[in-house]
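Scroll down for the structure; my scribbles are underneath it.
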Amino acid sequence: MRSYGLLIAAVALATGAILFPADAKPLTITAAGDAFMVQRPPARYRIDARLRDWIAAGDARLVNFEAVINDGKCPPAAWSGGTWASMAPEVFPDLWAFGFNGCGCANNHSLDYSAEGLRLTIQTLKAAQRAYAGIGEDLQSATAPGFVDTPAGKVAFVSVSATFHPDAMAGWTTSRVMGRPGLNGLRYATTYLVKPERLEQLKEIANVSAVNGNRELNQRTGFTAPDAPGTFVIDKLSFRASEKEGRITKCNTNDLKRITAAIAAAKREAVAVVVLAHSHTMRLKDVEEPADFFEEFCRAAVEAGADAVIGGGTHQLKGIEFHRGRPIFYSLGDFVFQNSVVPTVPPDFCEQYGVPLDADAKTAFHARSKGGKVGLHAFRENFLSVVPKIVLEGGQARVTMLPIELNFGAPWDINGLPRPADAEATQVIVATLKRLSAPYGTDVRLREDGLLEACRR
């Protein structure tokens with residue numbers, strides 16, 4: 001019997017299959033998209049019982065926490081993830097009222113309020129005894145998984161962001177240097193492909209404009225590495241001659257190895273591992289298409305041991321793929337979306353949109369949205385999402401989803417807060433997911449009970 005088991009394990013290693021004990025207890029995971037929550041819900045908003053019970057059905061109940069705890073004493077960074085995402089401490093319990101027991105914190109807003117905001121966020125999570133992952137005092141702690149204890153066993157989750165300001169990435173602690181607080185970052189390289197004749201034109205433009213003057217000096221003096229063979233770099237943009245034009249992206253090798261090693265290590269400690277992955281990068285010009293590197297990473301995460309990958313970032317739903325039998329949600333979009341009602345904005349934001357430096361947030365956002373006519377809150381697709389329920393049993397992963405909508409067009413106090421989708425919104429959601437998942441060989445269908453089901457064709 002022992003030799004038979006060893007044979008099965010050898011086959012699994014050779015084929016990359018993921019094995020689970022046949023007698024393992026069923027494990028249920030519920031997950032939500034990005035929770036950009038910065039103000040308390042009004043008294044008239046009640047969490048719908050169906051939504052609350054759906055989330056509660058998970059042993060592990062995870063969400064991407066896309067805000068920074070700020071008590072008014074945390075200085076804003078000189079840059080932000082787009083909006084300085086400031087959550088007052090008194091708003092924090094409202095997020096957990098939905099029933100989550102773990103959160104990912106790595107996203108493009110993690111350092112909006114500098115290291116002070118990061119540390120206050122960590123302190124608040126720890127004081128409330130909330131499991132979290134994705135941020136820390138150094139890269140070791142930011143990469144480390146969070147854990148939730150469930151009746152079916154311990155579940156691990158890793159949180160990673162591919163969209164962030166360079167200063168936001170955590171740094172290694174070594175024997176010689178203290179670490180840098182920040183997030184668990186996944187960097188990637190971008191190469192632009194142009195026809196040979198266009199590449200020659202670019203070289204001529206670079207020559208006459210002297211755009212590469214500093215770069216060439218730094219290369220001569222050893223501060224900048226030579227251009228990779230076959231590429232031509234303008235400032236920081238890398239071009240390569242190709243008959244097929246476009247853009248390709250590829251994961252940073254060091255980051256990919258580090259994060260997949262963390263996933264593999266977590267799998268040795270837990271009955272299941274979930275990866276919460278945040279990216280704002282699209283493949284070319286279509287926001288519905290995830291970038292090459294993001295697909296590369298999500299598949300590598302499954303191959304390292306992840307039982308599900310929950311993507312987010314660009315506020316819209318993206319396709320679903322089953323890789324080696326495990327679901328990859330390339331984006332769930334938003335779960336709470338209060339992007340335009342943050343309580344305060346720094347002078348940097350005001351200056352950017354031409355309002356007085358001490359203007360209140362309402363004035364600044366009115367200028368940015370041109371009176372509510374443009375921006376993320378002007379598009380309904382940013383207010384449609386699903387909450388997946390993933391059941392792991394007998395080596396299989398079954399996926400059902402509750403369609404939700406976030407009160408698009410409602411007054412600002414409830415705009416962006418979730419509720420189960422009505423029949424019309426559900427039809428839009430299922431049609432979107434069906435269309436975007438088909439290229440991955442995944443079928444999405446609407447059941448008679450109003451739930452969505454995803455499975456490999």
**Prolate/oblate/rounded call for the stretch 254-383, Cα gyration tensor, a/c under 1.5 rounded** = prolate
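What does DSSP give for the stretch 275-353 in terms of the percent of beta bridges that are antiparallel, rounded to the nearest 5?
Working: 6 of 13 bridges.
Percentage antiparallel, nearest 5: 45.
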**Prompt:** Where does the Debye-calculated log10 I(q)/I(0) of the stretch 24-118 sit at q = 0.15, 0.18, 0.19, 0.23 Å⁻¹, using only Cα point scatterers of equal weight, no solvent?
**Reply:** -0.64, -0.85, -0.91, -1.15
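To the nearest 20 Debye, how big is the dipole of the stretch 187-253 about its Cα centre, given +1 on the beta carbon of each Lys and Arg and -1 on that of each Asp and Glu?
Values: 11 positive and 8 negative charges, 62 e Å.
Rounded to the nearest 20 debye, it is 300 debye.
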**Request:** Starting at the first residue of the stretch 290-303, write each ³J(HN,Hα) from the Karplus equation 6.51 cos²θ - 1.76 cosθ + 1.60 with θ = phi - 60°, in whole Hz, x for Gly and Pro.
**Result:** x, 5, 3, 5, 6, 4, 4, 5, 4, 5, 5, 4, 5, 5
**Request:** Work out from phi, with θ = phi - 60° and the Karplus expression 6.51 cos²θ - 1.76 cosθ + 1.60, the ³J(HN,Hα) of each residue of the stretch 119-129, listed in order in whole Hz, and give x for Gly and Pro.
**Result:** 5, 5, 4, 4, 4, 5, 4, 5, 4, 8, 6
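Return the inverse of the average 1/r over all pairs of distinct C-alpha atoms in the stretch 334-394, which is the Kirkwood hydrodynamic radius, in Å to one decimal. Write down the numbers at each step before the final one.
Numbers: mean 1/r = 0.0732 Å⁻¹.
Hydrodynamic radius (Kirkwood, Cα pairs) of the stretch 334-394 is 13.7 Å.
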**Message:** Full-extension gain between Leu193 and Tyr440, please, as 0.36 nm times their residue separation minus the C-alpha to C-alpha distance.
**Reply:** 86.4 nm
**Request:** Rank these by accessible area, largest first, 1.4 Å probe: Lys370, Lys434, Lys285, Lys244.
**Result:** Lys285, Lys244, Lys370, Lys434
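Please work out the FRET efficiency for the pair Asp422 and Val208, using the Cβ-Cβ distance as r and a Förster radius of 56 Å; give the result to the nearest 0.05.
Details: r = 59 Å, r/R0 = 1.05.
Calculated value: 0.40.
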**Residue-by-residue Karplus 3J(HN,Hα) for the stretch 177-190, coefficients 6.51, -1.76, 1.60, Hz, glycine and proline x** = 9, 6, x, 10, x, x, 10, 7, x, 10, 7, 8, 9, 10
**Message:** Less than 22 Å apart at the alpha-carbon level, and either on another chain or at least 8 residues along: which lysines does that give for Lys126?
**Reply:** Lys73, Lys154
**Message:** Keeping all protein chains in the complex and leaving out DNA, RNA and ligands, what accessible area do you get for Thr442 with a 1.4 Å probe, in Å² to the nearest 10?
**Reply:** 0
**Fill in**
Rg/Rh over Cα atoms for the stretch 224-263, Kirkwood Rh, comes to 1.10
**Prompt:** Carbon-plus-sulfur fraction of the accessible area of the stretch 56-186, 1.4 Å probe, in percent?
**Reply:** 54
**Complete:** Taking Cα pairs closer than 8 Å and at least 6 residues apart, the relative contact order of the chain in percent is 16
**Asked** So how strong a dipole does the chain carry about its Cα centre when Lys and Arg Cβ are +1 and Asp and Glu Cβ are -1, to the nearest 20 debye?
**Response** 760
**Request:** Would you kindly calculate the translational diffusion coefficient of the stretch 284-333, applying Stokes-Einstein with the Kirkwood radius from alpha carbon pairs, for 25 °C and a viscosity of 0.890 mPa s, and quote it in µm² s⁻¹ without decimals?
**Result:** 226
**Request:** Would you list the P(r) distribution for the stretch 49-179, with all Cα-Cα distances sorted into 10 Å bins from 0 and each bin expressed as a whole %?
**Result:** 13, 42, 33, 11, 1, 0
**For Phe239, residues with placed amide H under 5 Å, excluding near neighbours** = Tyr192, Phe232, Val233, Ile234
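Kirkwood Rh over Cα pairs of the stretch 152-260 into Stokes-Einstein at 25 °C, 0.890 mPa s: D in µm²/s?
Numbers: Rh = 17.0 Å.
D, rounded to a whole number, is 145 µm²/s.
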**Asked** Taking only protein heavy atoms and a 1.4 Å probe, what accessible area per residue, in Å², does the stretch 376-421 have with all protein chains in place?
**Response** 35
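With both partners inside the chain, how many of the DSSP beta bridges are antiparallel, as a percent to the nearest 5?
Details: 48 of 85 bridges.
For the chain, the DSSP antiparallel bridge percentage is about 55.
Evaluate 2.2 N^0.38 Å with N set to the residue count of the stretch 313-367, then give the Cα radius of gyration divided by it.
Values: Rg = 17.8 Å, N = 55, 2.2 N^0.38 = 10.1 Å.
It is 1.76.
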**Message:** Out of the chymotrypsin sites (Phe, Trp or Tyr not before Pro) in the stretch 158-239, which ones are loop residues according to DSSP with at most 12 other C-beta atoms within 10 Å?
**Reply:** Phe223
**Prompt:** Using the Kirkwood radius built from alpha carbon pairs, what does the Stokes-Einstein equation give as D for the stretch 158-201 at 37 °C and 0.692 mPa s, in µm² per second?
**Reply:** 246
**Prompt:** What accessible area per residue comes out for the stretch 186-254, rounded to a whole number of Å², with a 1.4 Å probe?
**Reply:** 70
**Asked** Where does the stretch 341-457 land on the Kirkwood hydrodynamic radius, alpha-carbon pairs, in angstrom?
**Response** 16.8
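The values are calculated or read from the model by the stated rules, or taken from the named source; none is laboratory data. These numbers were taken from a predicted model, which means no experiment stands behind them. Heads up, the Cβs are rebuilt from the backbone with ideal geometry, glycines too, and the neighbour counts pull from every protein chain shown. With ligands, DNA and RNA removed, areas are computed over all heavy atoms of the protein, side chains included. Shrake-Rupley method; radii C 1.70, N 1.55, O 1.52, S 1.80 Å.
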